[in-house]
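Since the structure comes first, as structure tokens, the remarks are kept for the end.
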Amino acid sequence: MSKIRINRRHFVAGTSAAVVSASSISRALAQMPPLKLGVLLPTSGAQAGIGQDCQRVVDIGLGVLKDLGYPAITVINGDTETNVEVARSRAEKLINDGAQILIGAFDSGQSTAIAQVAEQKGIPYVINIAAAPPITEQGYKFVFRNFPTAPMILGDAFANQLEIFKAVGMSPKTAVMLHVNDTFGTAMQGGIGAVMPKFDMPYKIVETIAYDPTARDLSVEISKAKAANAEVLLVVSRLNDAILLTREMVKQRWTPQAVLSMGPGWYEDQYLKTLGKLSDGPLGFVPWYDPNKKVSKELVSLMGKKFPEVTMNTNHVYTFEAMMTAADAYKRAGSSDPKALADAIRTTNITNNVATGPGIQFNAKGQNDKLKNSAIQNRDGKVVVVAPASAADAKPEYPMKDYTKR
């Protein structure tokens, strides 16, 4: 093998070329007109709190994307008002106002309506959060989803539970299930029944109890759950009823080995703040972020500075990644032409992302099927990741500490 001598002149010349090249790229990005990004979120109506939470990361995400070397973005906001028909009309308005890519809208029904408009108009649409499988089963060419479907969420939930049981060296034999009786809760209950047998879980569900998510008294439901003598409580809840269920468990002096939450409620900021030490212990199985990733750390830091009262969560992670997907496509396409942007999204391969899993990419149906979900646990007023081990920043605590000893 011959030796290559590099003198000072060659080194300086090579370094200068690299600097010029980097400078040229930066200059080219700076000269690109801002991408007009239509953001559709339910910032009023029944889901206003969630929509406003998603909006928080829209406000700070532009700076993060700029730091990562993406082109400038101009955001055009549209409030869906938590209404399917309004979501449809707002999508049309944003397109008429010049939006070149749409993102949103948290809810599956609203997202389905937006997808129909985007496909009809030929404008790329990146779904931030919506788990209903049919959305990416329509053969759409302009619709993409960087969020797990309901079966993906449930499958990873059981896989992460098995990992936790193995890590702590014990597992339950019985479970009682409590779930809201709305569309979401009923669908999840049916999904659990269909997916659970595939994972050879160590426990069986001995009783299933449905309840109204707007109920103000859940004492009867907790009494029934306690009487089932099950070792763990499997729940599909919302925020307010999660608080009510916890208070009732404390009142009836019942602490199961674990609360296994298959949805929202138990990890949310208001739950932690309202219940204090009584909020510790529940395990949530949700789409989350990998705290070990570089971009995650930057986003957590910025969220902490801008919104110190808010814990970074699913709403922020996937809304930011929808923005990232749009910016990445614009950067690679070098054009705001809708077809060029859609083609660029199809070839997305972002690995320096935030969510758990290998990164952002889409299959032929426009679905990111590589996503992984996490197991999180409330600990001292904060939320930590306990599984999978590759994306964890803490070890699971199991069983839960008795409510009466806190």
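A single entry from Glu268, Glu231 fulfils the requirement of being of a type in the set (Asp, Glu), in contact with a helix residue (DSSP H, G or I) (Cβ under 6 Å, 6 or more places away or on another chain) and buried (at least 16 other Cβ atoms within 10 Å of the Cβ): Glu268.
Here's the yes/no breakdown for (1) loosely packed, with under 11 Cβ neighbours inside 10 Å; (2) modelled with pLDDT under 95; (3) in contact with a Lys or Arg (Cβ under 6 Å, 6 or more places away or on another chain); (4) not assigned by TED's automatic domain parsing to the domain that holds Ala327:
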position	(1), (2), (3), (4)
His10	no, yes, no, yes
Ser24	yes, yes, no, yes
Pro34	no, no, no, no
Leu37	no, no, no, no
Thr43	no, no, no, no
Ala46	no, yes, no, no
Arg56	no, no, no, no
Glu81	no, no, no, no
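A Cβ distance below 7 Å, combined with a sequence gap of six or more or placement on separate chains, defines the contacts here; from the range 281-298, residues that are without any contact (Cβ under 8 Å) to a residue 60 or more places away in the chain reach residues that are among the polar types (S, T, N, Q) and surrounded by fewer than 21 Cβ atoms within 10 Å (Cβ to Cβ) in the pairs Lys294/Asn352. Collect the residues in the range 304-334 that are modelled with pLDDT under 95, touching a helix residue (DSSP H, G or I) at 6+ places or on another chain (Cβ under 9 Å) and under 26 Å from Ala131 (Cα atoms), keeping them in residue-number order. Val310, Thr311, Met312, Asn313, Asn315, listed by residue number.
Does any residue of the range 137-149 turn out to be in a helix (DSSP H, G or I) and either farther than 17 Å from Phe362 by Cα or free of Cβ contacts under 8 Å to residues at least 60 places away in the same chain (or both)? Spell out the reasoning first.
In the first step, residues of the range 137-149 are kept if they are in a helix (DSSP H, G or I); the result is 137.
Now narrow it down to the ones that are either farther than 17 Å from Phe362 by Cα or free of Cβ contacts under 8 Å to residues at least 60 places away in the same chain (or both): none.
Within the range 137-149, not a single residue is in a helix (DSSP H, G or I) and either farther than 17 Å from Phe362 by Cα or free of Cβ contacts under 8 Å to residues at least 60 places away in the same chain (or both).
Return yes or no: is Ala130 modelled with pLDDT under 95 and surrounded by 21 or more Cβ atoms within 10 Å (Cβ to Cβ)? Before the answer, list the steps.
Working: modelled with pLDDT under 95: yes; surrounded by 21 or more Cβ atoms within 10 Å (Cβ to Cβ): yes.
Against the criterion (modelled with pLDDT under 95 and surrounded by 21 or more Cβ atoms within 10 Å (Cβ to Cβ)), Ala130 qualifies.
The helices (runs of 4 or more DSSP H) found entirely in the range 171-268 that carry 2 or more residues being closer than 29 Å to Gly109 by Cβ and under 21 Å from the mean Cα position of the chain (by Cα) are 183-195, 239-251.
The values are calculated or read from the model by the stated rules, or taken from the named source; none is laboratory data. Fair warning: this is a prediction, and the values are worked out from it, not measured in the lab. For neighbour counting, all protein chains shown are included, and Cβ atoms are generated from backbone atoms with ideal geometry for every residue, glycine included.
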